Amino acid sequence: MATQDGASTVDAGILDRFGLEHGMIIQEFGYDDDVDESLRTSVEDATGEEIVDEDYGDVTDGAIVWFRDGDDDLADLLMDVQSLLDDGGGVWLLTPKAGTTGHVLPGDVEEASSLAGLHATSTFVVGEGWSCTQLVEKGRSK
């Protein structure tokens, strides 16, 4: 699928897995020049809102976290992210796919998530270079 400017968009089935609704405010952490811009655009289209950055001064409905091997401590980051979410807000952790630079081992994601009081409900591929792990508070499932 392509937008008017020719950029590809994320498959609707993949985007549905994010559970986004119109009006949701999504905060983004770990933005860099390697992120999947088509995912960002699709999230903004689905919510009708621009993605807000790490310095946003209010609680949000969800967070997209781009994390690569070698970035700062994942558990600390996830605890910080979780403290900025409205009750029930989702966290989508995006890591480079296996076999690519910056790939994060699943065990490392699991350990960091657990330390932050989160657990993975599903993992799926997004775009050509990223895997997405949906995280929720322990004791909650989606």
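The values are calculated or read from the model by the stated rules, or taken from the named source; none is laboratory data. Worth saying up front: this structure is predicted, and the values here are computed from it rather than measured. Backbone-built Cβ (ideal geometry, glycine too); neighbour counts: all protein chains shown.
Structure values in brief
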{"quantity": "Unmet requirement for S131, which otherwise passes all of (1) free of Cβ contacts under 8 Å to residues at least 40 places away in the same chain; (2) surrounded by 19 or more Cβ atoms within 10 Å (Cβ to Cβ); (3) more than 15 Å from the chain's Cα centre (by Cα)", "calculated": "(3)"}
{"quantity": "Test: residue in the range 88-97 that is of a type in the set (G, A, S), surrounded by fewer than 17 Cβ atoms within 10 Å (Cβ to Cβ) and in contact (Cβ under 8 Å) with a residue 40 or more places away in the chain", "calculated": "yes"}
{"quantity": "Cβ-Cβ under 6 Å pairs, at least 6 apart or on other chains, the range 28-53 side on the phi > 0 side of the Ramachandran plot, far side surrounded by fewer than 17 Cβ atoms within 10 Å (Cβ to Cβ)", "calculated": "G48/H22"}
{"quantity": "Residue within the range 99-109 that is closer than 27 Å to E21 by Cα, assigned to a loop (DSSP other than H, G, I, E, B) and either touching a helix residue (DSSP H, G or I) at 6+ places or on another chain (Cβ under 8 Å) or modelled with pLDDT under 95 (or both) present", "calculated": "no"}
{"quantity": "Test: residue in the range 72-88 that is modelled with pLDDT of 95 or more and among the acidic types (D, E)", "calculated": "yes"}
